[in-house]
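Reading through the C-alpha cells given below for one structure.
The values are calculated or read from the model by the stated rules, or taken from the named source; none is laboratory data. A quick note: this is a predicted structure, and the numbers were derived from the prediction, not measured. Don't worry about glycine lacking a Cβ; one is built from the backbone with ideal geometry, like all the others, and counts go over all protein chains shown.
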Amino acid sequence: MSRRIDKSWLVFDSIENAEHNRCVDLFRRPNGTFGFEEFRRDVEDAGAWTPVAYYSGSAYASNEAALEAAMAAVVWLAQAVDRRR
C-alpha cells in the first residue's frame, strides 16, 4: 500500500489499466467519507506502486461519488471500468 493511503483507510477497490502499470485505489476513511488515489508502477522502482497525484486529500460522500470523480480526473479509468463490466 502506498504512503498516500493512510493505514486506517479501507481500500475496497483497486482498478488497473490494461498495461498493469497504473492503478486507482478507491478507499473509505473511518469517518465515513470516501476517496481515491492514482498510482504508477515502473521497472526502475522495482515494481512498487508510486502515487502520481494528490487526489487522496478530497473527500466524497459515497463510493459512487468517489468513483465518478476518479473517472473525471484520471484519463484512462473510464475505459478500465468499462472493461470490468
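Of the residues making up region 1-27, those that are of a type in the set (D, E, K, R), within 18 Å of V75 (Cβ to Cβ) and under 11 Å from the mean Cα position of the chain (by Cα) are E16, R22, D25.
Restricting attention to region 33-60, the residues that are surrounded by fewer than 16 Cβ atoms within 10 Å (Cβ to Cβ), more than 13 Å from V74 (Cα to Cα) and touching a Ser or Thr at 6+ places or on another chain (Cβ under 8 Å) total 3. Against the condition modelled with pLDDT of 95 or more and either crowded, with 17+ Cβ neighbours inside 10 Å or more than 9 Å from the chain's Cα centre (by Cα) (or both), how does R83 come out, does it pass? It is false that R83 is modelled with pLDDT of 95 or more and either crowded, with 17+ Cβ neighbours inside 10 Å or more than 9 Å from the chain's Cα centre (by Cα) (or both). In the condition set (1) modelled with pLDDT under 95; (2) over 12 Å from the mean Cα position of the chain (by Cα); (3) surrounded by 12 or more Cβ atoms within 10 Å (Cβ to Cβ), A65 is compliant with all but (1). Only a single item in (1) assigned to a loop (DSSP other than H, G, I, E, B); (2) at pLDDT 95 or above; (3) closer than 16 Å to L77 by Cβ is not met by P30, and it is number (3).
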